[in-house]
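Take a look at the structure below.
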Protein chains: 2
Amino acid sequence: MLLAPMESDAIMPDTTVRDRRPDAEKKGRKASKEVRRQQLIDATIDSLARRGYAETTLADVADGAGLSRGIVNFHFESKEKLLVATLQFMAEEYAAHWRAAFDKAGDDPARQLWALCAADFDRAVCSRRKLAAWCAFWGEAKSRPTYQALCGSRDQTYQNVLVDICTRLRNQGNYAIEPRATALAINAMLEGLWLRLMMGTEEVSRETAFAAAAEMLSATFPKHFAREAGGKIKPA
Amino acid sequence: MLLAPMESDAIMPDTTVRDRRPDAEKKGRKASKEVRRQQLIDATIDSLARRGYAETTLADVADGAGLSRGIVNFHFESKEKLLVATLQFMAEEYAAHWRAAFDKAGDDPARQLWALCAADFDRAVCSRRKLAAWCAFWGEAKSRPTYQALCGSRDQTYQNVLVDICTRLRNQGNYAIEPRATALAINAMLEGLWLRLMMGTEEVSRETAFAAAAEMLSATFPKHFAREAGGKIKPA
DNA sequence: TCATTTTGAATGAATGTTCAACAAACGCGG
DNA sequence: CCGCGTTTGTTGAACATTCATTCAAAATGA
């Protein structure tokens with residue numbers, strides 16, 4: 001699905017697609033079923049962001065989707081399954097997003113690293129409601145193995161890619177770094193910036209967060225990320 | 001350095017102090033009351049770590065403390081108040097901890113920064129159960145102003161201290177950094193490492209986390225944090 | 001008509017809170 | 001040191017509420 005030209009962030013209005021396209025869109029019930037599931041997942045993300053994990057109820061989700069109470073247990077078997085499906089959706093969306101950015105960056109490790117950092121602060125995955133939903137799941141992850149596994153979407157694969165990039169950059173620039181530790185530090189910093197964005201109390205915006213990440217890249221790999229005239233950092 | 005001589009992490013056994021020191025310790029009921037409150041707060045942290053925020057119930061807290069059901073509503077007014085008191089305790093403990101480390105570090109900004117990072121991975125505040133409890137609160141913070149305020153214990157003050165340290169280091173070493181962005185990056189990295197430690201799926205330990213932090217300090221301020229013979233990084 | 005989807009009320013379990021009774025410690029006059 | 005009433009702390013059952021789940025009936029579309 002790549003870079004998401006779609007703006008999947010707004011709350012979908014409850015006018016179902018089924019209503020306006022009586023025959024072209026639905027292809028029987030199969031399509032409708034998928035639409036409903038996605039609609040409920042979106043409503044779940046909204047509820048998580050608005051009320052937190054503990055206060056998220058099926059009634060609130062159903063209301064948010066403009067549907068009736070028992071609907072969730074029909075399309076998903078239980079509340080638990082709905083939440084897992086929601087987390088799964090977010091994990092897949094995030095993974096597809098960074099992977100697309102990575103593939104588009106070509107072979108240059110500096111451009112690859114830059115692209116990964118930029119992707120993390122892209123509106124498509126870094127909206128207020130999605131960050132809040134992520135954090136809601138993080139809070140429960142330790143006590144639920146299923147969540148814990150899915151929360152590792154920024155997982156071993158991502159970490160390995162970072163280690164590889166750091167190794168190549170070190171070889172190119174003769175930096176005195178330890179690639180594994182550096183990759184871990186970068187990864188942690190990106191997650192930490194997400195966390196601060198989510199808390200949202202301060203004057204931290206997506207732009208300042210990205211600037212902080214760029215600052216660190218420039219400090220670590222000065223030959224690859226240099227400061228321009230205006231003070232902004234760009235890949236060399 | 002200052003790797004926590006104290007080990008305040010174990011669960012306090014429920015033999016109340018009151019029992020064995022009939023007159024010296026209690027000074028009436030006042031002391032007992034405080035002891036009970038702390039006992040319940042400890043049990044709350046345990047429950048949060050073991051079952052997550054959503055599944056933490058007053059019955060579980062009471063059982064964990066070895067006391068009866070209605071007890072919480074006597075010492076705290078409500079479940080909400082208990083949770084706020086718990087978060088408050090953790091916030092104050094954390095703030096006192098980094099502040100003590102900072103004060104003990106003297107005037108050298110490099111030693112100060114090193115001490116702050118080390119303090120973050122000290123057993124006293126960075127145990128599995130405390131990290132899990134923190135994360136449980138983070139998950140609910142966005143939707144609860146009270147939590148949000150308290151979760152900012154690593155807050156503006158801490159951030160200001162970091163900015164100040166970064167500024168002084170830059171002046172000492174003529175680094176081409178932007179202190180505010182660098183401080184934000186360091187702060188975020190520390191939080192992100194906490195998050196990864198909490199998830200705990202991987203091979204990340206307190207030691208490797210601290211090594212990652214050191215790696216970043218060394219990259220950002222190479223004149224102040226140098227690699228020793230063994231590969232380990234130390235303040236110059 | 002038949003299969004599928006949706007509804008909304010009924011159900012039952014979980015849980016925060018209240019409260020009346022009980023226990024322990026204290027104050028105090030003897 | 002000894003009763004004895006009072007205050008303080010504790011218990012566990014009762015209560016009320018919230019909420020996930022179930023399901024029979026209605027609506028919808030093929």
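The values are calculated or read from the model by the stated rules, or taken from the named source; none is laboratory data. If you're wondering where the values come from, they're calculated on a predicted model, not measured in any experiment. Here Cβ is always computed from backbone atoms with ideal geometry, including for glycine, and neighbour counts include all displayed protein chains. Please note that ligands, DNA and RNA were not included when accessible areas were found on the heavy atoms of the full protein model with its side chains. Shrake-Rupley method; radii C 1.70, N 1.55, O 1.52, S 1.80 Å.
Collect the residues in region B:166-186 that are buried (at least 24 other Cβ atoms within 10 Å of the Cβ) and more than 7 Å from chain A (Cβ to nearest Cβ), keeping them in residue-number order.
B:CYS166, B:LEU169, B:ALA183, B:ILE186
When residues of region A:57-79 are filtered for being β-branched (Val, Ile, Thr) and near DNA strand C (Cβ under 7 Å from one of its atoms), how many remain? Give the steps one after another, and end with the answer.
Of region A:57-79, the ones β-branched (Val, Ile, Thr) are A:57, A:61, A:71-72.
Still in the running and near DNA strand C (Cβ under 7 Å from one of its atoms): A:71.
Going through region A:57-79 one residue at a time, the tally reaches 1.
Among the residues that make up region A:194-203, is at least one of them surrounded by fewer than 22 Cβ atoms within 10 Å (Cβ to Cβ) and away from every other protein chain (no Cβ under 11 Å)?
Checked against the condition, which is being surrounded by fewer than 22 Cβ atoms within 10 Å (Cβ to Cβ) and away from every other protein chain (no Cβ under 11 Å), region A:194-203 yields no hits at all.
I'd like the full set of residues that are assigned to a helix (DSSP H, G or I) and at the interface with another protein chain (Cβ under 7 Å from one of its Cβ atoms), limited to region B:214-236.
Answer for region B:214-236, where residues must be assigned to a helix (DSSP H, G or I) and at the interface with another protein chain (Cβ under 7 Å from one of its Cβ atoms): B:GLU215, B:MET216, B:ALA219, B:THR220.
Confirm whether B:TYR94 is within 16 Å of DNA strand C (Cβ to nearest atom) and either within 14 Å of chain A (Cβ to nearest Cβ) or among the hydroxyl-bearing types (Ser, Thr, Tyr) (or both). Don't jump to the end; show me each part of the working.
On the way: within 16 Å of DNA strand C (Cβ to nearest atom): no; either within 14 Å of chain A (Cβ to nearest Cβ) or among the hydroxyl-bearing types (Ser, Thr, Tyr) (or both): yes.
So B:TYR94 fails the test.
Within region B:142-158, how many residues turn out to be open to solvent by less than 30 Å² (accessible area, probe 1.4 Å) and at the interface with chain A (Cβ under 8 Å from one of its Cβ atoms)? If you could, list the steps in order and put the result at the bottom.
Taking region B:142-158 and keeping what is open to solvent by less than 30 Å² (accessible area, probe 1.4 Å), we get B:147, B:151-154, B:158.
Now narrow it down to the ones that are at the interface with chain A (Cβ under 8 Å from one of its Cβ atoms): B:151-152.
Qualifying residue count, region B:142-158: 2.
Here's a check for you: in region A:33-76, which residue that is outside any helix (DSSP H, G or I) and farther than 21 Å from A:ALA141 by Cα is nearest to DNA strand D (Cβ to nearest atom)?
At the first step, the residues of region A:33-76 found to be outside any helix (DSSP H, G or I) are A:56-57, A:66-70, A:76.
From what is left, the residues that are farther than 21 Å from A:ALA141 by Cα are A:66-70.
Values: A:GLY66: 14, A:LEU67: 12, A:SER68: 9, A:ARG69: 5, A:GLY70: 3 Å.
Out of the qualifying residues, it is A:GLY70.
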